[in-house]
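Written out below as structure tokens is the structure these notes cover.
The values are calculated or read from the model by the stated rules, or taken from the named source; none is laboratory data. Everything numeric here is computed off the predicted structure, so don't read it as measured data. Glycine gets a Cβ as well: all are built from the backbone with ideal geometry, and neighbour counts include every protein chain shown. The protein model used for the area step is the full one, side chains on, heavy atoms only, and it has no ligands, DNA or RNA in it. Shrake-Rupley method; radii C 1.70, N 1.55, O 1.52, S 1.80 Å.
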Amino acid sequence: MNLIVSTRTETKHLRFEVVGRWQYGDALQLAYLVKAAQSRAALDRFLIDLRRVTSEPDSTEKFMICDRLVRVFQPPVRVALVGDATLIDSDAVTVAADAPTIAVFAREGDALTWLMA
């Protein structure tokens, strides 16, 4: 993974700031990194900031982060993804009873409001 991920524990959630060029396989590695941080902090709400992540110039592939988060987490986990919605696979988010709640936002303030609701 060529991404730089900084993690910070907030009052009620974990915050992940991700920087770098997205490559195939980064979604699963990022999901497991979030899972490892969850086990250390014992929190179930995450804000993942993807605004400083870029993709290859000729790539039309979306980041598969939602799909990978659904595979790694179960309720009551809530994940707010902040970033360019055209690059995030939000269509992979399911509303199943055994899936985490994931939402994609363009602005951090909206994400935090939703995350704390």
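Please list, in order along the stretch 41-47, the HN-Hα scalar couplings obtained from phi with the Karplus expression 6.51 cos²θ - 1.76 cosθ + 1.60 (θ = phi - 60°), rounded to whole Hz, x for Gly and Pro.
8, 6, 10, 10, 10, 9, 10
Subtract the Cα-Cα distance of Asp84 and Ala42 from 0.36 nm times their separation in residues, and report this length gain in nm to one decimal.
12.3 nm
Percent antiparallel among DSSP beta bridges with both residues in the chain, to the nearest 5?
About 25 percent, rounded to the nearest 5.
Using each residue's phi in the stretch 25-34, evaluate 6.51 cos²θ - 1.76 cosθ + 1.60 at θ = phi - 60° and report the 3J(HN,Hα) Karplus result to the nearest Hz, with x for Gly and Pro.
x, 5, 4, 5, 5, 5, 4, 6, 5, 5
Using modelled amide H (1.01 Å from N, peptide plane; none on Pro or chain starts), what sits under 5 Å from the amide H of Val77, excluding residues fewer than 5 places away?
Thr101
Could you list log10 I(q)/I(0) for the stretch 1-53 at q = 0.31 Å⁻¹, which the Debye formula gives when each Cα is one point scatterer?
Values returned for q = 0.31 Å⁻¹ are -1.29.
Per residue, how much accessible area does the stretch 16-85 have with a 1.4 Å probe, in Å²?
Spelled out: the 1.4 Å probe surface of the stretch 16-85, per residue, equals 51 Å².
Give a quick list of GluC sites (Glu not before Pro) in the stretch 1-72 that DSSP marks as loop, anything other than H, G, I, E or B, with at most 12 other Cβ atoms within 10 Å. Walk me through the numbers before you get to the answer.
Working: sites: Glu10, Glu17, Glu61; in loops: Glu10, Glu61.
Sparse-neighbourhood loop GluC sites (Glu not before Pro): Glu61.
When the accessible area of the chain is split by element with a 1.4 Å probe, what percent falls to carbon and sulfur? Kindly include the intermediate steps, with their values, before the conclusion.
Numbers: 3290 of 6470 Å².
Exposed carbon and sulfur together represent 51 percent of the surface.
Hey, how much of the P(r) for the chain falls beyond 16 Å, as a percent of Cα pairs?
Result: 56 percent of Cα pairs exceed 16 Å.
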